[in-house]
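Heads up, the thing below is written out as structure tokens.
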Amino acid sequence: MTVTIREVADAAGVSTATVSRALSGVQTVDPALAERVRRSAESLGYRANRVARALRRQSTQTIGVVVPDITNPFYPAVIQAVERELRQGGLSLLLCDAGNDVDVEAELVRNLFDHQVDGLLISACDKIASQPAVQQAASRVPLLQIGRRAVAELPYVGVDQADAMGQVIRHLTGEGCSTFGYIGPQPDISTASERLDVYLALVRRLDPAAAGRTYLGDSSMSWGREAATRLLASGPLPDAIVCASDQAAAGALQALREHGVTAPGDVVVTGFDDTLLAQACEPQLTTVRQPLAELGARAVTALRAAIDGGLRQPQSAVLTAELVVRGSSQRSAQPAVAGNAAGEGQ
């Protein structure tokens with residue numbers, strides 16, 4: 001038997017209008033009253049008719065999210081935060097994985113239009129090839145680029161990659177490093193391009209030969225192993241190997257170990273993203289921790305504000321990352337201190 005909104009209202013001791021506002025996440029409803037309505041609805045097994053509500057409001061209360069690769073460790077934490085924020089606001093999430101394919105990405109955007117999403121969060125597959133799909137989407141619904149940027153003129157919520165890489169290089173020079181190597185992906189996405197550009201700009205002044213020790217492939221462990229092996233064969237070992245991902249750094253550490261090279265004794269190594277892999281490495285990995293949960297929450301807040309206010313473009317925001325220093329880069333620390341630092345990086 002279908003439970004009606006009237007039954008929920010009677011159980012909560014409020015009007016049907018209050019039930020409707022409370023269950024749709026309207027912020028003018030007193031939080032305690034909204035919680036009472038939600039408990040009554042849950043105990044009765046009430047489910048709102050989303051189709052009827054969408055027709056009545058001309059809104060589906062649904063946000064589309066397109067990511068390039070859900071297996072990338074960057075995205076699960078961001079998506080968790082996005083989903084949590086949407087749920088608290090009475091909104092739903094339609095999540096799409098483009099599989100790093102710009103054609104699939106464009107098709108997914110069109111499919112989300114068919115589902116009449118109220119807004120769109122997108123992390124582009126490619127900083128250039130994704131531009132048509134992103135621009136088309138922005139002409140249809142409020143859109144926010146998240147994590148990666150394809151169209152500079154459109155709103156974006158992400159992390160200050162230049163500041164993050166600056167933190168890495170300042171730490172390494174503080175550890176006495178003056179020569180550098182780099183392992184990372186091709187600069188096909190905005191974050192990879194920004195990290196590489198800032199890295200080269202900073203280290204060229206310290207090490208004119210650094211550009212010749214730049215190995216670009218992808219972000220995988222296998223590429224980290226291969227690139228580190230090439231680096232070892234190319235000539236004198238630099239003081240530091242800067243990796244654009246934790247996966248690449250883990251692969252590099254494996255290759256160094258196989259060739260009898262120690263970190264941080266012979267060379268220091270850094271990663272990026274502070275994934276679980278960073279703490280599983282031996283030694284534990286110095287890396288950049290991006291505020292992923294805050295990133296997801298800020299993106300939803302900005303997108304909802306644009307939708308609720310009838311605006312085409314949400315507000316942009318750039319967040320600051322944190323360098324987590326662990327054993328892979330601590331040449332100057334005694335072993336006991338390095339162990340303490342690793343623990344503090346949780």
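The values are calculated or read from the model by the stated rules, or taken from the named source; none is laboratory data. On a predicted model such as this, the values are computed, not experimentally measured, just so you know. Cβ placement follows ideal geometry from the backbone for every residue including glycine, while neighbour counts extend to all protein chains displayed. Heavy atoms of the whole protein, side chains included, go into the accessibility calculation; ligands, DNA and RNA do not. Shrake-Rupley method; radii C 1.70, N 1.55, O 1.52, S 1.80 Å.
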For the range 174-181, 3J(HN,Hα) per residue [Karplus equation, 6.51 cos²θ - 1.76 cosθ + 1.60, θ = phi - 60°, Hz, x = Gly/Pro]: x, 8, x, 7, 10, 10, 9, x
Angle in degrees between helix 221-234 and the longest Cα principal axis of the chain, rounded to the nearest 10: 20
In order through the range 238-245: 3J(HN,Hα) via Karplus (6.51 cos²θ - 1.76 cosθ + 1.60), integer Hz, x for Gly, Pro: x, 5, 9, 10, 9, 10, 8, 7
Relative contact order [Cα under 8 Å, 6+ residues apart], the range 238-293, whole percent: 38
Solvent accessible area, Å² - I70, 1.4 Å probe, full protein context: 60
Neighbour-limited loop hits for trypsin sites (Lys or Arg not before Pro), the range 166-245 (at most 11 other Cβ within 10 Å; DSSP other than H, G, I, E, B): R205
